[in-house]
Protein chains: 2
Amino acid sequence: MSRETPTGDELLAMLAALASPHRLRIVAALAEGRSYVSELARRLRMNRPLLYMHLQKLEAAELVVGTLETAPDGSSVKWFDLAPFALTLTAQTIATAVPTLTVPGQKDEEKQ
Amino acid sequence: MSRETPTGDELLAMLAALASPHRLRIVAALAEGRSYVSELARRLRMNRPLLYMHLQKLEAAELVVGTLETAPDGSSVKWFDLAPFALTLTAQTIATAVPTLTVPGQKDEEKQ
DNA sequence: GCCCCCTGTCAGAGAATACTGACAGTCTGG
DNA sequence: CCAGACTGTCAGTATTCTCTGACAGGGGGC
């Protein structure tokens, strides 16, 4: 997954996922070790469904990985780990990624 | 300006500024050379006031620099250049920046 | 049975953003 | 004077995102 050049859409997804104080805080919290939804919600003092939503966005951008683990006793907990990521943001990397951005209303007739 | 560790707020501002397909495209366009609002609007085929707004966000995040130049003949054009920037995004850099995030309703009593 | 911990999902309110057309103003050149 | 370049700003709408409380469910232990 450590491709040298992310596609425009991947880049955008990562940026959008990180462009939120809550989600930055979540990443920072997970940098100290894995955690699960309810525990994190208590630690960061935020509404659990809200945290849940943010975690899903981070997961969609592949910045965190969630694993629902069912313990031998049957109780299940969803652990979240940070995904290893390293993104270098420069005019260069952006210029490289942009051409691969998919535009919503774009087919092929675009400039015709 | 190439501080090793941006503050949480700066980091967030840059991320928020880049987390938009339009603004990524703008950065990519400016990577090929300076331009001015009207010309860029034609090139990127977007509404000028809209582009104007996006440019302001990029400028606020210090990713582009705008200079209103009044030519010797009196006509003025606002040129936009890319600001040199290099941002490395890892769990580490984020974890370092997060503690300096300012929270809207935060004074000092926070955890008391 | 009851209480506690966990996950997952929803509808709806509220707030923030994106986007548009239109207008005001300045300067040039025919 | 008029047409053509610009820049800058606005009000209003459309759309998207954030956030909340509430609910349904699973399981453990007393």
message: Could you compute how much accessible area chains B and A hide from each other, both sides summed, with a 1.4 Å probe? Nearest 100 Å² is fine.
response: 2400 Å²
field: Of the GluC sites (Glu not before Pro) in segment B:35-99, those whose Cβ has at most 16 other Cβ within 10 Å and which sit in DSSP loop
entry: B:E62
query: What FRET efficiency would be calculated for the residue pair A:T7, B:V65, taking the C-beta separation as r and a Förster radius of 25 Å, to the nearest 0.05?
result: 0.35
query: For the protein assembly as shown, what is the calculated [θ] at 222 nm in deg cm²/dmol (nearest 500), taking -39500 (n - 2.57) for each run of four or more DSSP H residues and dividing by its residue count?
result: -13000 deg cm²/dmol
- line: Correct response: the longest run of chain B lacking exposed trypsin sites (Lys or Arg not before Pro), defined by DSSP loop and at most 11 other Cβ within 10 Å, is B:46-106
statement: Rounded to whole Å, √(5λ) for the Cα gyration tensor eigenvalues of segment B:1-73, largest first, gives 24, 16, 10
message: Compute the helix-to-body angle for A:21-30: its Cα long axis versus the longest principal axis of chain A, expressed 0 to 90° and rounded to tens.
response: 60 degrees
field: Helix B:8-18 vs. chain B, principal-axis angle (Cα, 0 to 90°, nearest 10)
entry: 40 degrees
- request: With the full set of protein chains in place, find how many percent of the accessible area of the protein assembly as shown is carbon and sulfur; take the probe as 1.4 Å.
  value: 53 percent
- prompt: Under a point-charge model restricted to the Cβ atoms of Lys and Arg (+1) and Asp and Glu (-1), what is the dipole moment magnitude of segment A:8-99 relative to its Cα centre, in debye to the nearest 20?
  reply: 460 debye
task: For B:R45 and B:A83, compute 0.36 nm times the residue count separating them, minus their Cα-Cα distance, and round to one decimal in nm.
output: 11.4 nm
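Could you do me a favour and compute the accessible area per residue for segment B:1-94, 1.4 Å probe, result in Å²?
Counting only protein heavy atoms, the per-residue value for segment B:1-94 is 54 Å².
The values are calculated or read from the model by the stated rules, or taken from the named source; none is laboratory data. Just so it is clear, the structure is predicted and the values come from calculations on it, not from any experiment. We place every Cβ from the backbone using ideal geometry, glycine too, and count neighbours over all the protein chains shown. Just the protein is used for accessible areas: all its heavy atoms, side chains included, with ligands, DNA and RNA removed. Shrake-Rupley method; radii C 1.70, N 1.55, O 1.52, S 1.80 Å.
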